[in-house]
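The values are calculated or read from the model by the stated rules, or taken from the named source; none is laboratory data. The structure displayed is predicted, hence computed values, not measured ones. Here the Cβ positions follow ideal geometry from the backbone for every residue, glycine too, while neighbour counts run over all protein chains shown. Accessible surface areas use protein heavy atoms only, side chains included; no ligands, DNA or RNA. Shrake-Rupley method; radii C 1.70, N 1.55, O 1.52, S 1.80 Å.
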Amino acid sequence: MRARARGVVLAVAVALAMAGLAGCAGAGGKISPDSDDMYPVKIGYTSPGAGYSDLYVAADYGIFAKHGLKAQLVRLNGSSQLVAGLASGTVEIGVGVTQDSAAAILKGANLKFVAMSEPHYNLEMWAHPSITSVRGLKGKKVAITSPGSESDFGLTDLLRSNGMTRDDVTVVFVKSVPAEVSALGSNAVSAILTQPPQGTQTREKGAVRLAELSNMDFPLGSYTVQSRFLDVNREVVKRFVAAEGDALQYLRSHEADTESSIQKYTGVTDPALAKYAYDFFLNVWARTPVVDTKLIEQAFREAAANAHTTPPPDVTKYIDSTLTDNP
């Protein structure tokens with residue numbers, strides 16, 4: 001069921017991407033600096049959670065500007081839109097679930113992984129107080145955002161780690177994190193799986209935390225570009241990777257600034273929730289933007305299994321590791 005639903009979404013995304021490649025001559029074109037000698041670049045991310053605080057602080061505290069980038073953050077409606085957004089030029093650099101990009105590559109998309117910010121799941125499960133364990137969800141409804149999303153993968157892995165399968169629960173796709181929170185608050189579902197701080201606010205209405213997945217490896221925050229964009233805008237991408245490295249360090253040394261950005265971009269007004277999210281993500285954020293080859297291999301294995309095909313024997317050709325000075 002999981003593979004079939006996600007396969008439909010990915011097929012649509014790749015079809016849109018291929019159409020974008022054919023119909024948008026500007027996508028992947030050369031970026032020139034503006035009158036202030038700044039390179040304008042659109043960076044896509046796929047949810048409003050605290051996981052993308054690397055982007056938030058880079059935009060808010062001059063890190064992009066320090067590296068000569070005039071960055072525009074563009075929030076997409078899920079990881080399945082990332083490939084299409086890159087192909088159409090809606091965004092030029094994008095971050096999302098690595099398996100979705102790997103699946104697109106297997107279907108012919110010409111993409112490169114250039115940085116990684118989150119090598120672990122960034123999810124928590126919050127549930128109705130009557131549910132005291134993950135196994136207690138058997139026969140219950142669980143809300144997640146969409147097929148192919150991180151929560152889609154995470155639910156399967158969480159259930160598996162507790163001796164269960166997707167058939168043991170009823171999955172409800174609700175498209176957005178606020179919709180997840182609303183569904184749990186109205187008792188339309190028994191549990192939700194999302195990143196803090198949005199899901200965390202359900203504790204104010206009595207919800208309990210059943211699980212957190214930050215100790216589980218998952219190729220999540222992978223930054224991707226079109227290969228042809230990288231070819232003609234290598235300096236722009238190199239500047240972005242340098243800025244990303246600075247942002248990942250900034251997060252760890254500027255807690256108050258990061259929590260302020262979390263509140264700004266997630267819409268959560270309670271400082272305690274921003275603090276909660278910050279502490280949680282310290283176990284999730286990478287320390288450097290280096291792409292982990294083993295996690296990319298993991299993504300291709302799962303994408304290939306879902307597509308009933310064979311993963312590539314060498315994934316390094318889809319990674320540009322020369323954009324950073326880190327080993």
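Which numbered condition in (1) within 14 Å of the chain's Cα centre (by Cα); (2) buried (at least 24 other Cβ atoms within 10 Å of the Cβ); (3) hydrophobic (A, V, I, L, M, F, W, C) is the only one that Leu76 fails?
(2)
I'm trying to understand the selection: among the residues of region 123-158, which are under 21 Å from Phe218 (Cα atoms) and out of contact with any Leu (no Cβ under 8 Å at 6 or more places or on another chain)? Reasoning before the result, please.
The first filter runs over region 123-158 and keeps only residues under 21 Å from Phe218 (Cα atoms), leaving 123-126, 134, 142-158.
Scanning region 123-158 gives Thr145, Ser146, Pro147, Ser149, Asp152, Phe153, Thr156.
Quick one: Val8 ticks every box in (1) at pLDDT 85 or above; (2) exposed (fewer than 15 other Cβ atoms within 10 Å of the Cβ) except a single one, so which number is it?
(1)
Can you pull out the residues in region 86-103 that are within 17 Å of Leu76 (Cα to Cα) and open to solvent by less than 10 Å² (accessible area, probe 1.4 Å)? Reasoning before the result, please.
Filtering region 86-103 down to residues within 17 Å of Leu76 (Cα to Cα) leaves 86-101.
If the condition is that a residue be within 17 Å of Leu76 (Cα to Cα) and open to solvent by less than 10 Å² (accessible area, probe 1.4 Å), then Leu86, Ala87, Val91, Ile93, Gly94, Val95, Gly96, Val97, Thr98, Gln99, Asp100, Ser101 are the ones that fit.
For region 47-59, state whether one or more residues are crowded, with 24+ Cβ neighbours inside 10 Å, of a type in the set (S, T, N, Q), touching a residue at least 60 places away in the same chain (Cβ under 8 Å) and part of a loop (DSSP other than H, G, I, E, B).
Within region 47-59 (the criterion being crowded, with 24+ Cβ neighbours inside 10 Å, of a type in the set (S, T, N, Q), touching a residue at least 60 places away in the same chain (Cβ under 8 Å) and part of a loop (DSSP other than H, G, I, E, B)), the answer is yes, since at least one residue qualifies.
For the subset of region 104-135 comprising residues that are more than 20 Å from the chain's Cα centre (by Cα) and part of a loop (DSSP other than H, G, I, E, B), which member is nearest to Ala87 (Cα to Cα)?
The extreme case among them is Gly108.
With the requirement that a residue be in contact with a helix residue (DSSP H, G or I) (Cβ under 7 Å, 6 or more places away or on another chain) and buried (at least 19 other Cβ atoms within 10 Å of the Cβ), what does region 181-191 give you?
Narrowing region 181-191 to residues in contact with a helix residue (DSSP H, G or I) (Cβ under 7 Å, 6 or more places away or on another chain): 181, 184-185, 189-191.
Val181, Leu184, Val189, Ser190, Ala191 - these are the residues of region 181-191 that are in contact with a helix residue (DSSP H, G or I) (Cβ under 7 Å, 6 or more places away or on another chain) and buried (at least 19 other Cβ atoms within 10 Å of the Cβ).
Given region 216-327, what helices (runs of 4 or more DSSP H) lie entirely inside it while holding 1 or more residues that are open to solvent by 70 Å² or more (accessible area, probe 1.4 Å) and within 24 Å of Tyr61 (Cβ to Cβ)?
Details: elements: 227-232, 234-253, 255-266, 271-281, 293-306.
Hits in region 216-327: 234-253, 255-266, 271-281.
Of the conditions (1) of a type in the set (Gly, Ala, Ser); (2) over 18 Å from the mean Cα position of the chain (by Cα); (3) closer than 17 Å to Asn122 by Cβ, Gly148 fails just one. Which one is it?
(2)
Any chance you could count how many residues in region 192-212 are within 19 Å of Ser133 (Cβ to Cβ) and either surrounded by fewer than 22 Cβ atoms within 10 Å (Cβ to Cβ) or more than 21 Å from the chain's Cα centre (by Cα) (or both)?
Of the residues in region 192-212, 9 are within 19 Å of Ser133 (Cβ to Cβ) and either surrounded by fewer than 22 Cβ atoms within 10 Å (Cβ to Cβ) or more than 21 Å from the chain's Cα centre (by Cα) (or both).
Somewhere in region 155-176, is a residue among the polar types (S, T, N, Q), within 21 Å of Gly44 (Cα to Cα) and either open to solvent by 10 Å² or more (accessible area, probe 1.4 Å) or modelled with pLDDT of 95 or more (or both)? Reasoning before the result, please.
The first filter runs over region 155-176 and keeps only residues among the polar types (S, T, N, Q), leaving 156, 161-162, 165, 170, 176.
Next, from what is left, pick out any that are within 21 Å of Gly44 (Cα to Cα): 176.
If we keep only those that are either open to solvent by 10 Å² or more (accessible area, probe 1.4 Å) or modelled with pLDDT of 95 or more (or both) as well, we get 176.
Taking every residue of region 155-176 in turn, at least one turns out to be among the polar types (S, T, N, Q), within 21 Å of Gly44 (Cα to Cα) and either open to solvent by 10 Å² or more (accessible area, probe 1.4 Å) or modelled with pLDDT of 95 or more (or both).
Please verify whether region 121-143 includes one or more residues that are over 17 Å from Val189 (Cβ atoms), open to solvent by less than 10 Å² (accessible area, probe 1.4 Å) and not aliphatic (A, V, I, L, M).
So far as region 121-143 goes, yes, one or more of its residues are over 17 Å from Val189 (Cβ atoms), open to solvent by less than 10 Å² (accessible area, probe 1.4 Å) and not aliphatic (A, V, I, L, M).
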